[in-house]
Each structure stands twice: as C-alpha cells, then as structure tokens.
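The values are calculated or read from the model by the stated rules, or taken from the named source; none is laboratory data. Since this is a predicted model, take the numbers as computed values, not measurements. No Cβ is skipped: glycine too gets one built from the backbone with ideal geometry, and neighbour counts run over all protein chains shown. Please note that ligands, DNA and RNA were not included when accessible areas were found on the heavy atoms of the full protein model with its side chains. Shrake-Rupley method; radii C 1.70, N 1.55, O 1.52, S 1.80 Å.
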Amino acid sequence: MGNYYIRTEDILTDDLLKLFVESIRDRQIIDAIKGPQPVVLVGSRGVGKSFLLKVACAEQKGTFAESRVFPVYVSFTKGSLVQFAQPQQFQSWMLAKLCNAIVRALGREGLLVQPPKEISILAGQTSSGATTKTPLETVEEAFETSWKSPDAYVDTRHVPDIDSFKEAIEDICRQLDIKRITLQIDEAAHVFIPQQQRAFFTLFRDLRSPYITCNAAIYPGVTAFGDTFQPAHDATFISIDRDVLDSGYVETMREIVEKQADSDAQKAIARNGRLFAILAYAASGNPRLLLKTFLKAPKVSSSEIDEIFRTFYRSEIWGEHSILAEKYPGHKHLIDWGRNFIETIVLPEIQKKNLISLEADKNTSSFFWIHRDAPIGVKHALQILSYTGIVNEHAQGMKATRGGIGTRYSVNLGCLFSLEAKPSQTAFEIAKSLSIKRMTEFGANHSSYVDLASDLPNLEDVRINREALTSQLGKSSNVLDITEWQKRTLRERGLNTVKEVLLSTEEDLQRAHYVGVVRSRQMRNAAEAAVFEYLSG
C-alpha cells in the first residue's frame, strides 16, 4: 500500500488542494472561514479542522490579487509546553506567535520587499532592518522551551499590546493595499487548561477589527470562555461533522481514501465495496479513523474487518479515552463515568433494540437522548467523550416521547458495531437502516447518574501543573499516535520517552537504517505533531 497522510501537518501546502474532497458541507465551512465574520470550528480529533483551515488559506492565497484578503495560518499547538506565572504572560506568547506568523507570511508572499515601518512593531524592533532572529521570535522560542526551565525569566517588553498590534495591522494593510488579514488559528485553546482557554478567547474578541478576522479551531470539551467573550455574539460556532445519514456519505469517504491510495488499494476497495462501506460508516465521519483502520485492512477482507472491530473499536479507541484520566486526574471521575455509561449502558441498549428492529424490518439507531435537567456532570462527561470522538452531539432542544426536552447524541458506529459477533456480516444493514427517530432516552433522574452526582470536581479550578507535564514527558514514546515502523525507529535511536522525541533532531533520525534526509524530516514532523497532540490531550 502507498504512504497515507494521517495528519494535515504532514501534507505539503502544494498537495492540500489535490487531496481535498469537497462536500457541500465542507464548502459551506470553507466559505464561512473566508468570510469577514469570526468563526470557531469545533470538532474531535481527525475530523478535518486543520485541513479545512489550510484549504481556506490556500484558496485565499490563490485569489489574493483580486480580493486583497491575506490569510495567515498559525498553530498554537505548542501552548501545552508554555509555562507561565501570570495569565498576561500567556497573552504575550500568543501575541508574539501571531506577530511572527504574520511577518513570515507576508515575507513568503514577497510583500516585504519594501516593508512598511510598522512591520518593526510586529518584529519587536526599533527599525525594520533584518536580523538573524527578531526579538519577538526570541520571545516565542523562550516561552515554547520554558518547560525545560520553568523558572527562567522571559523578557516580554518588545511584545506589543493589543492596541499597538491592531494599529500596526491597520497601517500595514493600508500601505500594502490589503483589505484585511484573516488569522486561521489552529489548536487554539488547550481543552483541559481553563486559564489558557479564557486568555485565548479574550484575545480572540479583543483583536476584532475591520482589518483583522480571527478564526479558530478547537476541540469539543470542557471550555472556559472567560468573562468578556460571548459565544452567541462574538463568533459563529460551526461543528464539523460528516453525517452518516447523508446520501453521498460513503462515496465522499471513499474518495478521501482513493485520493491517496495506490492501484492495489483502489482495486481492493472496488472488489469489496460493501466491506469498505462498513469501515466508512464505522469511522462516523472522521477521516483519520477511516485512514487508520483502512491501513489495518489492506485487502478489505471480512476477516480483516472483523479483526479491526475486535482490536481497534473494542479496545484501542477506548484506551485513548481512558488514558486521559491518567493525564488529567482532576477529570478522572468524569472520564471513567463517561466510559462506563456508554460502554455498559448506552451501547448494549442500542444494540438490543437494533436486533429487534432488524428482525422486524424496522429502522435501526445509533442515537440516544439526555434530558436537559440531567446533572451537569453528565454533560461534562459527554463533552469529553465528544473530544475523543466516541460520542457526537447531534441536536439540542429535541423533544422526547414523553414531552421532555433534551439533547440527542450519536455514538461512534465503530464502537456500536464492535458488539456484533461478526460485524462484517451485520454492520452494513444496521448502518443502512439508521433513523434519528429511534433514540434511546435517558431522563433527568436516570439511575446511572447516581455515581456522578457526588465527587464532581470543580472544573474551573483544574490545573495542569509542572509535575503533571513532567510526568507526561517521561512517558514511553509508544504512547504516540504514529506508525509501528516509526515507533520502532525511535526506539532504535534510543528515543524512548516523549521528552527524548521532543528534543531529537533530524540528524538523530538519519542515523537509523533506511532513513535519509527527506524521510527523516517527514518522520520528525510526524513525531513532533504526535507529541504535541499527546500533550494537548
């Protein structure tokens, strides 16, 4: 089989549009990102948030000569490593990061041949003369390596305040004939660090101006917006989902795989279209899950499909969820309760009803409903399950059979199919008969909520302290979401912990067998992306 891109970070900018499989929903999202109103993309890992942000950037660059709207993509993924004593220091890192990204983006597009004097503000310099490293690049690097020396002082006096930043952007836009700059901020706020979330959304709101549009990608989960940001007024929130009920769902997911597949893989898909459809449905709209499971089933055979449900959807995906309890002990009660609720109560109940429905030739379901007056801990637990992609919020304000109002959720179809004895034989019929009208209902006082009503942490006070970060950096590199070959190569080079991988260089990897310059860079990028994803949750 050919090489597959599992993460957007691994894809060259020039290849993005070649791999883009456009759906009606994706086009709507991209057009919203390119528009003048701030947008916040919400989605679990692997659904395509980064990809859509980068596609929007690529399209805006292609039309810049006519539209004069200039896109800047910047990732805040390294925020998980930033150590700071005061919230203002995190804002300084964010502003330094944005300034450096804007200067680099303008420079790459050849717009700084005769740079406006205001560029010096974004570089933290008193003049626009070029230097090896600008003061703000030094600030950014100092914060992102602060995990090595948490008590080290970071000089932020060159970082502009928000007003100076906005004024500089306005003057730059006027002088370079730019209508506005769109900031596409990826990995915007660490989902489990409330103080970072509040600082980010405060900055997000404060940067709004006629010359700046901020867009951001975040995970679903426990989110603290702070006192100044109002979700209903300060941005348009868009949930990224590919609805398995859409008529063209399987074809879209198939094209995503075929864009990267070699001829043998394409033939296997064509020969076993029904089995591939089961894989596509199991991914529940998540391209990364589909690509990862497809790599485990190169022949798309029934035995391979059944094995994927036994190993990946019955074990691995739950393991990724449960490991959050080790990384964030303040959330342990919610994480453990959520897994138990879905795994031992919701899924078996849905499976039992589906069996009866199939025998009676009626519609099946992957949906359940939670009353709006259920304990708040239930909502938080389901948000974390949404973050890991096991649950998806489908619709709010839904009326149940007895007139109650609540939220309808869907479970990951792969987890549901994994309860079948032979998923390769039964999963397709379940998927093809799905209906939102058949949902399992859980009222405001369901007996399963009892354990959650007590011992609920104060989520606003949850902190990731230095000891917790040190613990995660010391974990085995085997926890990283990379291929087995990559893990083996890391071990061969003595990179046995997350910290050692983070500190490694391309030269370290080139000392491994069969790893040259190009491959070492690709592997280094993939390993680094996996490290930051692991540290962020």
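In table form, for the structure just shown:
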| quantity | calculated |
| --- | --- |
| Accessible surface of segment 354-429 [probe 1.4 Å, protein heavy atoms]: carbon and sulfur percent | 47 |
| Of Lys166/Lys475; Lys61/Lys432; Lys292/Lys332; Lys353/Lys475; Lys61/Lys379, those spanning more than 32 Å from alpha-carbon to alpha-carbon | Lys166/Lys475; Lys61/Lys432; Lys353/Lys475; Lys61/Lys379 |
| Contact order relative to length of segment 285-434, as percent, for alpha carbon pairs under 8 angstrom and 6 or more apart | 26 |
| Rounded accessible area per residue of the chain, 1.4 Å, Å² | 44 |
| Ordering of 274-287, 95-108 by burial proxy (mean other Cβ atoms within 10 Å per residue, highest first) | 274-287, 95-108 |
| For Leu434, distant residues with modelled amide H under 5 Å away | Thr364 |
| P(r) weight above 21 Å for segment 6-73, C-alpha pairs, percent | 21 |
| Contact order normalised by residue count of the chain, Cα under 8 Å, 6+ apart, percent | 16 |
| Under Karplus coefficients 6.51, -1.76 and 1.60, residue-wise ³J(HN,Hα) of segment 233-247 in Hz, glycine/proline x | 10, 9, 6, 9, 8, 10, 8, 8, 8, 10, 6, 5, 7, 5, 4 |
| Most to least packed among 170-180, 109-119, 341-351 [average Cβ atoms within 10 Å] | 341-351, 170-180, 109-119 |
| Anisotropy class of segment 23-121 from Cα gyration tensor, a/c 1.5 cut | oblate |
| Of Ile342, Cys57, Leu480, farthest towards positive along the dipole that unit charges on Lys, Arg, Asp, Glu beta carbons give the chain | Ile342 |
| Paired Rg and Dmax values of segment 148-271, which use every Cα atom, in angstrom | 21.2, 63 |
| Antiparallel DSSP beta bridges within the chain, as percent of all bridges there, nearest 5 | 35 |
| Expected-Rg normalisation [2.2 N^0.38 Å, Cα atoms] applied to the chain | 0.99 |
| Whole-Hz ³J(HN,Hα) from phi, Karplus 6.51 cos²θ - 1.76 cosθ + 1.60, for segment 263-278, glycine and proline x | 5, 5, 5, 5, 5, 5, 5, 5, 5, 10, x, 5, 5, 5, 4, 4 |
| Radius, Kirkwood style, for segment 234-309 when every pair of distinct Cα atoms is counted (Å) | 12.9 |
| Cα Rg, Dmax, segment 296-363, angstrom units | 15.9, 46 |
| Rh by Kirkwood over Cα pairs, then Stokes-Einstein D for segment 298-425 at 0.890 mPa s and 25 °C, µm²/s | 156 |
| Sulfur and carbon atoms: percent of accessible area, segment 245-308 [1.4 Å] | 46 |
| Segment 7-76 - percent of accessible surface contributed by carbon and sulfur, probe 1.4 Å | 55 |
| Integer Hz, Karplus 6.51/-1.76/1.60 couplings in order for segment 316-322, x for Gly and Pro | 4, 5, 6, x, 5, 6, 5 |
| Segments 31-41, 226-236 sorted - mean Cβ within 10 Å per residue, highest first | 31-41, 226-236 |
